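Derivation of every value follows stated rules applied to the coordinates shown; laboratory data play no part. What you see is a predicted model; the values in this text were computed from it and never measured. All Cβ positions, glycine included, derive from the backbone under ideal geometry; neighbour counts span all protein chains shown.
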Amino acid sequence: MTLYDLVAPAIEARTEPRYRIAGIRAADPLGADAILAAVPAMNRDADVPALTVALRTLVPDPDRTASLGVVDALAAVRDLGLLLGSLKRHGVEPLAAVPDALPVLQELALRTDMVPRDTVHHYTTWNPLGDRQRMYTGDKMEGYLQNAVRMVFPALVAALDTCAELAGLEPYDPCFAAALDRTAQHVQAMVDSIDFTVAQVTPDFFARGLRPYFEEVDIDGHDYLGPAAAQVPLWLVDLTLWQSDRSSPEYDAFLDESVRYSLPSWRAFHTAHRGSTSAVSKLSAAISWESTPRLPPGLAASAVSLARVLRILKTFRARHIGMARKAYSDDLRLYDEGSGGAPIALLRTVLDLTRDNETLVRQANVGAHAPRTTPGAAVPVPTVSASVSASAAGPALREKRFTA
């Protein structure tokens, strides 16, 4: 039994309609199944006229659009989005070709409380399985990539709960370490997902076969990115663990753009916790106040658990960079930036920040455990203590970089 099997049923039981995965997958409010099954062939032939007719055919009238509930509206955006990305891949701005789609997309955005085009959630989690699966190419590697993202959605939903709990705890509380341990289990799904992707999807297929379908689309004068994997909100975990007060201007700017592609409750989480005191800052401040040779057991457990989850995040990001470098190598790349709008240099920055925070926590714990050299000698000061202030000063730590 996988983590998905354990977590997914609990998600379905929630009242949040965006978590009703089975219902959204089953929905076909536009009667799009037959038309979308032909999209891979249209894309293979670069048949822009057929794609244009398909989009025009699926665009519902205003009355029909206004009658859709959230579940059907999400499915409608999913199905229209496949044609938006397909047309743009062949050099056509879809709303210039089919202007009637604009008010429909705007109304669907209002009904779903999301951006007016498809996101990574529409393309993967809310996408039907089997014969009804919506795909740009129909290639089995595209299906593997969709499955890789599907794997992490339940874990991220669960991580949101554990991170919300963690934000209200202090490192001396035994629940602090327990919440971190649960978060680590959820984040491990990201590592499993990227390992699966590396094993099943070649860099050449992603760079040349699939990446062109994720280009931005102009909607009423605003550019909206396609369903990029970068929209998978690992930043929910970053925010609570370290990003809220130990980030960089580059990562902050990227998140400000990426957050809008998330679910409403996830955007609310970001608003509530940005600028708050991170888990790393809380732990660092607590350790700096200790004057005994060894940390209290609860605080030591929190340090070990925080280092563990940061190490998992570091592992994911290191593997992500390796995959991205291959897909965006000089021999393969068609674009200078990733499908989420970020250059590889930003991935390096975020990896460095994650590594710095993991090193900080690990060294602080080791330093606090260092034995005294002689009886009665002063306790060695942890290497981190000069760099941290009390947890209340969290915002002042913004953009502070720590190195090993």
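Numerical summary
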| item | result |
| --- | --- |
| Difference of contour (0.36 nm per residue) and Cα-Cα distance, Asp223 to Ala272 | 15.0 nm |
| Projected-area mean, region 202-300, by convex hull of Cα positions, square nanometres | 10.1 |
| Inter-label distance, nm, simple model (7 Å from Cα along the C-beta direction), Val198/Arg64 | 4.6 |
| Length-normalised contact order of region 69-130 in % [C-alpha pairs under 8 Å, at least 6 apart] | 48 |
| Length-normalised contact order for region 150-232 - Cα pairs under 8 Å, 6+ apart - percent | 22 |
| Cβ-based charge dipole, region 211-286, positive-most Cα from Pro249, Ala230, Phe269 | Phe269 |
| Selection from Leu210, Thr240, Val198 lying farthest towards where the dipole of region 165-273 points positive, charges on Cβ | Val198 |
| Largest to smallest principal axis extent of the C-alpha atoms in region 95-134, angstrom | 32, 24, 13 |
| Charge context of Asp173, other residues only, Cβ under 15 angstrom, K/R +1, D/E -1 | -1 |
| Filter on Lys88/Lys314; Lys88/Lys326; Lys88/Lys140 - keep pairs with C-alpha separation over 26 Å | Lys88/Lys314 |
| Set of region 93-137 residues, backbone N closer than 11 Å to the point 7 Å along the Cα-Cβ line of Arg56 | 97-100 |
| Largest to smallest principal axis extent of the C-alpha atoms in region 110-214, angstrom | 52, 38, 24 |
| Local electrostatic count, Met190, Cβ distance below 12 Å [Lys/Arg +1, Asp/Glu -1] | 0 |
| Convex hull volume of region 39-192 per residue (C-alpha atoms, cubic angstrom) | 135 |
| Cα shape, region 84-160, gyration tensor, a/c 1.5 rule | oblate |
| Potential extension, Arg348-Ala96 segment - 0.36 nm per residue separation minus Cα distance | 87.0 nm |
| Sites Trp289 and Asp45 - FRET efficiency at Förster radius 51 Å, r taken between beta-carbons, to 0.05 | 0.15 |
| Surrounding net charge for Val304, when Lys and Arg each add one and Asp and Glu each subtract one, Cβ distance under 11 Å | +2 |
| Theoretical FRET efficiency, 1/(1+(r/R0)^6), r = Cβ-Cβ of Asp161 and Ala38, R0 35 Å, to 0.05 | 0.30 |
| Pair Glu257, Asp139: separation of 7 Å Cα→Cβ label points (nm) | 2.5 |
